[in-house]
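Bear in mind these aren't lab numbers, they're just calculated from the coordinates by the rules spelled out. Since the model is a prediction, treat every value here as computed from it, not as a measurement. Cβ sites come from the backbone with ideal geometry, for glycine too, and all protein chains shown count toward neighbours.
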Amino acid sequence: MSAIEALYIFDEHNNLILNHTYIGRPPPPSTLLPLYLQHASPRPSLIYLPTTNPPTLLYSMIQDNLLFFSPLSSDTEPLLVLEFLHRVADALEEFLGSPLLASKITANYDVVAQVIAEIADGGVPCQGEANALRDVVETGPGVLNNLLGKVGLPGGSAPGLQGGPSGRLHTPPLRPAETAQGSAVPWRRSNVRHTSNELYVDLVETLSVTLAPSGRPLSAFAYGSIAFTSKVSGVPDLLLSLSTGGKGGGMGNRGDQLRSVIERVVFHPCVRLNRWNSDGVLSFVPPDGRFALCGYEVDLLGPDAPLTAGKTAANNLNLPAMVEITTGLGSSGSDFEVRMTQPSSSSSRAGSAAAASLQSNLGSGSRPGSFRAGSGGGESKGSALENLTVRVPLPAGVRNISDMRPSKGEAHWNPADGSVEWKVPSKDFGPAGVVLRCTVQGPLSDADEAGGMLNGVTATTYDYTDDEPATYQSQHDSDSTAGGTNGAQDNSRTRAQKNRALMPTSTTLSFSIKGWLASGLKVESLLVDTKKSRGLGPEVKPYKGVKYLTVSRDGIEVRC
């Protein structure tokens, strides 16, 4: 297996803030950065640089505007190096806090150096769990003093030279980090102690839905993750049970039903895959703190989705809000209208589904595995729709939006990205819906070509040809009247054709809704196995909480 050769970290201004070489003599960061920036954005995570000596494979990652580099001169498994970069970023966040800033790295280089040295030994990744690094990395204001032995500092003495009561020299007692042999569980630090034992489960799903102009869903996916927070002393052994909310019925046992709904499941290393494959439950010993337990994907249409058009098919998705767009309105076809409404069954179905899902899991806490609301119980009353935002991208030929008339909320025109952004407060979004109407303006050259008004002056162009004789009309009144009418109709028709190219072709909807999941998944129970757990007595009852959140970040796209 090839080893990691070096690690370089740059700040948001492409200034080098960390340079660590594990083995060999890799190309310097001053050579790699210009070659990396030569590629057009978005840049790939793996770039082959044949012009360096030796030719180099450059692996890169961006997190919190920080650029991570890892060059290799030999071919290796790409996922190994990319996973190493992600583990480094996660470990630095564990010790320095999130978000990861360049100032934090430069101000805490003593801790950063320990983290980087522990993650890879001689370039071989050996300890990638950020939680377990707590046992071997020293933190605090006296780290440098301990490393340097307080040599030459007043009031300090070097380790091993401290005088005892009898005046003899003795060795100071070892620190806990020096005596620790590491935890038996690789991803969990040893000797975990908490004054209050708490367990929290957060299910978050991100929507990605595309609707055709007829309203028929072209694709509908929910990308979910289960974020788990464990603040329990000792080494707890947990059992988390999920249900599909009625989906996948008749598919066999619980595991078959779950696997028929969720696809492409990825787990944290702590999950026992045998229990998942056999029983469809998550059995694990959690790391201490917050971590990603599971990730999955759900096809909301399903394999047998009907190819029906219109609003009926969109309503089957049970989305809390929908968007319709109409273009080519007005006498000259320069207006478009965006209407945001509640589907016929969303207001009742989403609220009742969220309330039923939460009420079934947020119990009184008297029985094992029951849940209680961890945020004051406000979510148990039903779903809460927030951050309603509609974005309408416009073609590059649109010069300005002369008029925006929203019935509710605020609308803004962003010339930088060429889009209209419309934000509607949740309290103003009711069953009747809300409407936004806008008027677009094209380039200035359109007025010149049409011979229209420009700065209050009529612009008319005459072409003269010396080779052809001039022709005159004798019937000025009748011809001018007929020509004026036909000319006005032609100008209106031409203007409408040009405005058709300025109309939007799609619109996107963003929102967040608490207490509801598009996939219908819910947590049935969370049990603590007291027989397998260590350091947690049977009389200890951890506080348990669950939350559901569905997010759409420009995830619902309606084409027109």
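Across segment 6-146, C-alpha contacts under 8 Å between residues 6 or more apart give a mean separation that, scaled by the residue count, equals a relative contact order of 20 percent. In segment 6-146, a dipole from Cβ-located charges (positive for Lys and Arg, negative for Asp and Glu) runs towards its positive end, and of Ala130, Thr76, His13 it is His13 whose Cα lies farthest in that direction.
A straight line joining the Cα centroids of segment 54-92 and segment 107-129 runs 14 Å. For segment 1-106, applying the loop criterion from DSSP together with a ceiling of 14 other beta carbons within 10 Å to the GluC sites (Glu not before Pro) yields Glu12. Protection proxy ranking of 197-210, 53-66, by the mean of other Cβ atoms within 10 Å over each peptide's residues and highest first, is 197-210, 53-66. In the structure shown, the pairs Lys231/Lys531; Lys231/Lys547; Lys104/Lys231 are assessed against 21 Å; a Cα-Cα span above that value is assigned to Lys104/Lys231.
Here segment 6-146 is assigned +1 on the Cβ of each Lys and Arg and -1 on the Cβ of each Asp and Glu. Its dipole about the Cα centre then comes out at about 460 debye. Peptide packing for 218-225, 507-514, 401-408 was compared via the average number of neighbouring C-beta atoms within 10 Å per residue; ordered from the highest value, the list is 507-514, 218-225, 401-408.
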